[in-house]
Amino acid sequence: MHSQLLDGVTWFRGSSIRIRRAGLELHVDPYGHDADTPDGGADFILLTHPHYDNFSEEEIDRLRGADTVLIAPATMKKQLSDADHFLRPGDMLQLQDLDLIAMPAYNVDKRYHPPEAGWLGYVFTLDGVTFYHAGDTDLIDAMMSVRCDVAFLPVDGHYTMDADAAVRAAERCGAQTVVPIRWSDGPTAREAERLADTEGLNVELLERTA
């Protein structure tokens with residue numbers, strides 16, 4: 001039985017999340033969406049960084065309508081010149097239906113997501129629920145400043161954190177519910193399952209829809 005905090009939440013694959021709450025539709029890193037997502041139907045699109053499985057121009061064009069608010073890292077201006085807001089780690093944004101903080105997201109001991117790239121995770125409140133989408137990241141000190149109800153944490157163990165680091169990340173951000181992302185089959189599934197088996201931590205393994 002899923003937590004009510006996850007009402008309206010769909011995980012597609014990788015780090016792609018859709019949240020539908022209070023008549024609003026928010027997407028993070030849209031990629032591999034199904035026909036249930038209408039063209040031009042997004043109210044908000046948040047992008048974490050420009051890797052192919054996080055930044056799909058085709059999906060963005062399909063989901064983006066005249067009133068869609070598109071938010072991206074400031075370092076993505078070359079790839080995406082017409083975003084509504086370009087943010088740097090630490091920036092805050094208050095919109096009519098969304099309060100948002102841009103968080104750093106980077107690797108500590110690998111080179112896939114370097115700190116100097118300025119890529120992002122996001123803490124945002126929608127319909128009274130505060131979500132933390134960590135982006136593609138390792139365990140970092142900035143997570144200690146996060147307070148959230150739901151944390152979407154990557155657990156692939158190669159490009160991002162593994163399950164052990166994700167447990168510590170969950171503790172740092174104080175999440176009531178943790179949702180592992182960036183896993184599929186084989187070793188990455190084992191990392192997600194290890195996280196789910198953590199005593200005292202409420203972990204929800206969502207079924208991928210793509």
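Which whole-number percent gives the relative contact order of the range 88-149, counting Cα pairs below 8 Å spaced six or more residues apart? Answer for the range 88-149 is 29 percent. Estimated from helices alone, the mean residue ellipticity of the chain at 222 nm is -4000 deg cm²/dmol (sum of -39500 (n - 2.57) over DSSP H runs with n ≥ 4, per residue). Applying a DSSP loop filter and a limit of 15 other Cβ atoms within 10 Å to the trypsin sites (Lys or Arg not before Pro) in the range 27-130 leaves Lys77, Lys78, Lys110, Arg111. Normalising the average separation of contacting C-alpha pairs (under 8 angstrom, six or more residues apart) by the number of residues puts the relative contact order of the chain at 16 percent. Dipole orientation for the range 4-196: of the candidates Val9, Gly118, Ala142, Ala142 has the Cα lying most toward the positive pole (charges on Cβ; Lys, Arg +1; Asp, Glu -1). Neighbours of Thr188, meaning other residues whose beta-carbon lies under 9 angstrom from its beta-carbon, give a summed charge of -1 when Lys and Arg score +1 and Asp and Glu score -1.
What is the gain in length, in nm to one decimal, between Asp197 and Arg13 on full extension, counting 0.36 nm per residue of separation less the C-alpha to C-alpha distance?
Here the segment from Asp197 to Arg13 would lengthen by 64.1 nm.
Loop-located trypsin sites (Lys or Arg not before Pro) in the range 123-174 (DSSP state other than H, G, I, E, B) with a sparse environment of at most 15 neighbouring Cβ atoms within 10 Å: Arg147.
Full extension of the chain between Asp91 and Gln176 yields a length gain of 28.2 nm, computed as 0.36 nm times the residue separation minus the alpha carbon distance.
Taken about its Cα centre, the range 4-196 carries a charge dipole of roughly 420 debye when the Cβ of each Lys and Arg holds +1 and the Cβ of each Asp and Glu holds -1.
In this simple spin-label model, placing a label point 7 Å from the Cα along the Cα-to-Cβ direction at both Met144 and Ser3 gives a separation of 2.3 nm. Of all beta bridges that DSSP places with both ends in the chain, some 55 percent have antiparallel geometry. Cα-based values for the chain, radius of gyration first and Dmax second, are 15.5, 46 Å.
Read-outs: derived from the displayed coordinates by stated rules, not from any lab. In this text the structure is predicted, and so the values were computed from the model without any measurement. In this analysis, Cβ positions are derived from the backbone assuming ideal geometry, glycine residues included, and neighbour counts consider all displayed protein chains.
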